[in-house]
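Q: Okay, here's the structure, questions in a sec.
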Amino acid sequence: MEVVHVYSKRRSEFGRQCLLSDRPAELLVDIPPDPSLARHFVQRSPRDRALQACGDMSEHEVNTLRFESDSSGMNHLEGGWPKDINPQEMEQTIRFRKKVEKDEGYIASILQLGPAMERCILQNNGVNIYQEFFSEEPDVEESLEAPAANTVSLLRDPQQVKRTVSSLSWHPDDGRKLAASYCCLQFQRRPAGLSLDSYVWDIENPNRPEVTLKPPSMLVSLQYNPKDPHTLAGGCYCGKIAFWDTRRGGQPVEVSSAEQSHRDPAYKVVWLQSKTGTDTFSASTDGQVLWWDVRKLSEPSERLVLDPGREGNLDRALGGVSLEFEPTMPTKFMVGTEQGAVVSCNRKAKTAAEKLVCVYEGHHGPVYALQRNPFFPKNFLTVGDWTARIWSEDLKESSIIWSRYQTSYLMDACWSTVRPSVFFSVKMDGTLDIWDVLLRQNEPTLSLKVCEEALHSLQLQDQGRLLACGSQLGGTTLLELSTGLSTIQRDEKSLLATTKREKILEARQRELRLKERSRSEQSREEEVGLEDGNHAPDQLIAKAESDFYSVVEVELRKRRDQEDLNHQEKEVSEEKEVEETSSSL
């Protein structure tokens, strides 16, 4: 962000206005020569001297004081009820109304408040505040712009010792607030004076955070509750799970105990779809997935060990780095591991071994990002090592779309919330890549250099207009996407649904499996024949010689046939030339 100094001056301070016009030359002063001054003349060597016909001036810079503003909010709820009455319960409200109506002062209060209420009702009836004056005019269809993104603002870490923005989460209601967790991800390289705080920002006031969260350890992940926008859950670097209610301040309401928490950092915390809206689950590189109820974080409600052998052995478990949960599939979830594999799980399975359904392998490094397509939940996006891959649940052997190997490591990615074919990814060289799989698949549609340091986190607003990118030095850049990237295109969903790439790859994988099976059977037969002693070395040499001579004979026969054909064509062409010359004569 550039620092701009604005200097202002009143018009009256400029003096009288200069009026210039063309006119002939005019002699103002004539000084004749004075011979008496010649004796005072002293000859000097030539020298230059500059004269300025205006007064000396100097330029000074002034940095004014920073303007700080405070934001305050007010929640308008249905009031007038006692604390023990729940306004959502119909029976309690009806019982309380009957009790109040029997009170002696009820009628006197109604008579006193009636005239003021009647005046307000008449005023509302007299003015229609929802009237649309230009509803009959036809809507003008806007022309879609080219893909572009502009920087709106920058949210800087207020601490002197800068930390990495490890995760971002938008407010689920209006998208005007952004929760950011800050953490030093370098193992045993924690600098002195490092703060543990994380923040909730108001994007309209980027100067200072709105709420300061005080976790017991640095936050690696942080996410808003989609059912209750005042609550957040976070995973700490020490493995604990913390729960906040912003109406109660920045201190956590509940924190899990160290004995029942993860042994490694809780890299991902995701809210579950439940009736109470208080259930979450977390993943860590210790190989465990833990389910929690934020009302009681003393111990997890359920555990799952990511052992590929399905024996529950924690020593062989795969370390979880990312999580994915789709509310439309309440029993399924996916875990991205630091070994480069994605594990598909089923929570409602009867045994722990059946909970691990299948494994998708395709990356050479940790799977830092994992997300299902919001329009096609069977397709999911992964980011690990130097590539981004799109998978289908039905095809486990290979991804259906993958990018080229990039020059920098990919750290995070997410789907567009409004366009089914668009996704975003960030790299360690500070570049944001915007991909459109219907337009290009090998290279991004748009690449932007967001900052000089590495980008570690990425999150798109639910409305699809604002994109937040978190950097290694604690800066969160807000980008506003163009209309072409934030508006769904015509027939885009149907075009993506009719793509046959998944079926083609599935048929190709089936063909490769059949070839591999036939090749293995053939090699097995040859091994069995050699073990039986049916083919001696002399016989094998004689067979190879006969095969060689038969191939040579076939090739010679093909050459002779080709030479005869060329000779016949040449004779036919010569006969045609003779006929043409005779006809011309």
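The values are calculated or read from the model by the stated rules, or taken from the named source; none is laboratory data. Worth saying up front: this structure is predicted, and the values here are computed from it rather than measured. Counting neighbours? That spans all protein chains shown, and the Cβs are built from the backbone with ideal geometry, glycine included. Calculation scope for accessible area: heavy atoms of the full protein, side chains included, ligands and nucleic acids excluded. Shrake-Rupley method; radii C 1.70, N 1.55, O 1.52, S 1.80 Å.
Q: Would you please classify the overall shape of segment 364-492 from the alpha carbon gyration tensor, given that a ≥ b ≥ c denote the square roots of the eigenvalues, rounded means a/c under 1.5, and beyond that prolate means a/b larger than b/c while oblate covers the rest?
A: Oblate, since a/c reaches 1.5 and b/c is not below a/b.
Q: Straight-line reach only, C-alpha to C-alpha below 22 angstrom: list the lysines that LYS102 could link to, leaving out same-chain residues fewer than 8 apart.
A: Excluding near neighbours in sequence, the set is LYS83.
Q: Right, something else. Is segment 206-255 best put as rounded, prolate or oblate by its Cα gyration tensor, with a ≥ b ≥ c the root eigenvalues, rounded for a/c under 1.5, and otherwise prolate when a/b is larger than b/c, oblate when not?
A: Working: a/c = 1.59, a/b = 1.22, b/c = 1.30.
Oblate, since a/c reaches 1.5 and b/c is not below a/b.
Q: Using a 1.4 angstrom probe and counting only protein chains, how large is the accessible area of HIS230 in Å², to 10?
A: 50 Å²
Q: Relative contact order for segment 312-439: what percent, with Cα pairs under 8 Å and sequence separation of 6 or more?
A: 15 percent
Q: Here is a further query. Sort ASP202, ASP561 from largest to smallest accessible area, using a 1.4 Å probe on the heavy atoms of the protein chains.
A: Details: ASP202 20, ASP561 90 Å².
Output order, biggest surface exposure first: ASP561, ASP202.
Q: Which peptide among 438-447, 386-395 comes first, and what is the full order, when sorted by highest mean count of other Cβ atoms within 10 Å?
A: Numbers: 438-447: 13.9, 386-395: 19.7.
The peptides rank, most packed first, as 386-395, 438-447.
Q: Another one. So how exposed is LYS296, as accessible area in Å² (1.4 Å probe, rounded to 10)?
A: 130 Å²
Q: In whole angstrom, how far apart do the alpha carbon centroids of segment 321-386 and segment 235-296 sit?
A: Cα centroid of segment 321-386 versus Cα centroid of segment 235-296: 19 Å apart.
Q: How high is the relative contact order of segment 159-276, in percent, counting Cα pairs under 8 Å that sit 6 or more residues apart? Provide the component values of the computation, followed by the final result.
A: Numbers: 269 pairs, mean separation 23.7, N = 118.
For segment 159-276, the relative contact order is 20 percent.
Q: Can you pull the Kirkwood radius for the chain, inverse mean 1/r over Cα pairs, to one decimal in Å? Don't skip to the end; give the middle numbers.
A: Numbers: mean 1/r = 0.0315 Å⁻¹.
About 31.7 Å, per the Kirkwood formula over Cα pairs.
Q: Arrange the residues PHE375, PHE424 by how much accessible surface each exposes, largest first, with a 1.4 angstrom probe. Don't jump to the answer; show the numbers that get you there.
A: Numbers: PHE375 55, PHE424 0 Å².
Listed by decreasing accessible area, they come as PHE375, PHE424.
Q: Also, I was wondering about something else. Within 10 Å of each candidate Cβ there may be at most 15 other Cβ atoms; applying that plus a DSSP loop requirement, which trypsin sites (Lys or Arg not before Pro) in segment 35-106 survive?
A: Values: sites: ARG39, ARG44, ARG47, ARG49, ARG66, LYS83, ARG95, ARG97, LYS98, LYS99, LYS102; in loops: ARG44, ARG47, ARG49, ARG66, LYS83, LYS102.
Counting only loop positions with at most 15 other Cβ atoms within 10 Å, the trypsin sites (Lys or Arg not before Pro) in segment 35-106 are ARG44, ARG47, ARG49, ARG66, LYS83, LYS102.
Q: Do you know the relative contact order of the chain, to the nearest whole percent, from alpha carbon pairs under 8 angstrom that are 6+ apart? Write down the numbers at each step before the final one.
A: On the way: 1014 pairs, mean separation 51.0, N = 585.
Reported as a whole number, the value is 9 percent.
Q: Using DSSP to call loops (not H, G, I, E or B), can you name the GluC sites (Glu not before Pro) in segment 1-71 whose Cβ has at most 14 other Cβ atoms within 10 angstrom?
A: Details: sites: GLU2, GLU13, GLU26, GLU59, GLU61, GLU68; in loops: GLU2, GLU26, GLU59, GLU61, GLU68.
Sites meeting the loop and neighbour criteria: GLU2, GLU26, GLU59, GLU61, GLU68.
Q: Lysines near LYS558 by alpha-carbon distance under 26 Å, same-chain residues fewer than 8 away left out - which ones?
A: Leaving aside lysines fewer than 8 places away in the same chain, those within reach of LYS558 are LYS543, LYS570.
Q: If you don't mind, another one. Among LYS162/LYS427; LYS98/LYS275; LYS227/LYS348; LYS396/LYS515; LYS177/LYS268; LYS332/LYS396, which pairs are too far apart, with a Cα-Cα distance over 25 Å?
A: Numbers: LYS162/LYS427 19 Å; LYS98/LYS275 31 Å; LYS227/LYS348 23 Å; LYS396/LYS515 18 Å; LYS177/LYS268 20 Å; LYS332/LYS396 16 Å.
In this structure, LYS98/LYS275 exceed 25 Å between Cα atoms.
Q: Helix-only mean residue ellipticity at 222 nm, the chain, DSSP H runs n ≥ 4 weighted -39,500 (n - 2.57), per residue, nearest 500. What is it?
A: Counting only the DSSP helices, I get -7500 deg cm²/dmol.
Q: Something else: Rank these by accessible area, largest first, 1.4 Å probe: MET428, MET218, MET117. Intermediate results must be reported in sequence, preceding the final value.
A: Numbers: MET428 85, MET218 10, MET117 115 Å².
Most to least solvent-accessible, the answer reads MET117, MET428, MET218.
Q: In the calculated pair distance distribution of segment 68-132, what percentage of Cα-Cα distances lie above 18 Å? Before the final figure, lay out each step's value.
A: On the way: 1360 of 2080 pairs.
More than 18 Å apart: 65 percent of the Cα pairs in segment 68-132.
Q: In a solvent-free Debye calculation with one equal scatterer on each Cα, what is log10 I(q)/I(0) for segment 7-95 at q = 0.14 Å⁻¹, listed in the order of the q values?
A: -1.02
Q: Something else: Please compute the Cα-Cα pair-distance distribution of segment 385-455 with 5 Å bins starting at 0, giving whole percents from short to long.
A: 3, 16, 26, 26, 18, 7, 3, 1, 0
Q: Taking a ≥ b ≥ c as the square roots of the eigenvalues of the Cα gyration tensor of segment 249-387, is the shape rounded (a/c under 1.5), prolate (a/b larger than b/c) or oblate? List each step's numbers first, then the result.
A: Details: a/c = 1.45, a/b = 1.29, b/c = 1.12.
Rounded shape, in that the Cα axes give a/c under 1.5.
Q: Just to be sure I understand the model, the point goes 7 Å from the Cα along the line to the Cβ. What's the resulting GLU354 to ARG176 distance in nm?
A: Those two pseudo-labels are separated by 5.0 nm.
Q: Still on this model: How about segment 200-304: which GluC sites (Glu not before Pro) there lie in a loop by DSSP and see at most 11 other Cβ atoms within 10 Å? The partial results should precede the final answer.
A: Working: sites: GLU204, GLU210, GLU254, GLU259, GLU302; in loops: GLU204, GLU210, GLU259.
The qualifying sites are GLU204, GLU259.
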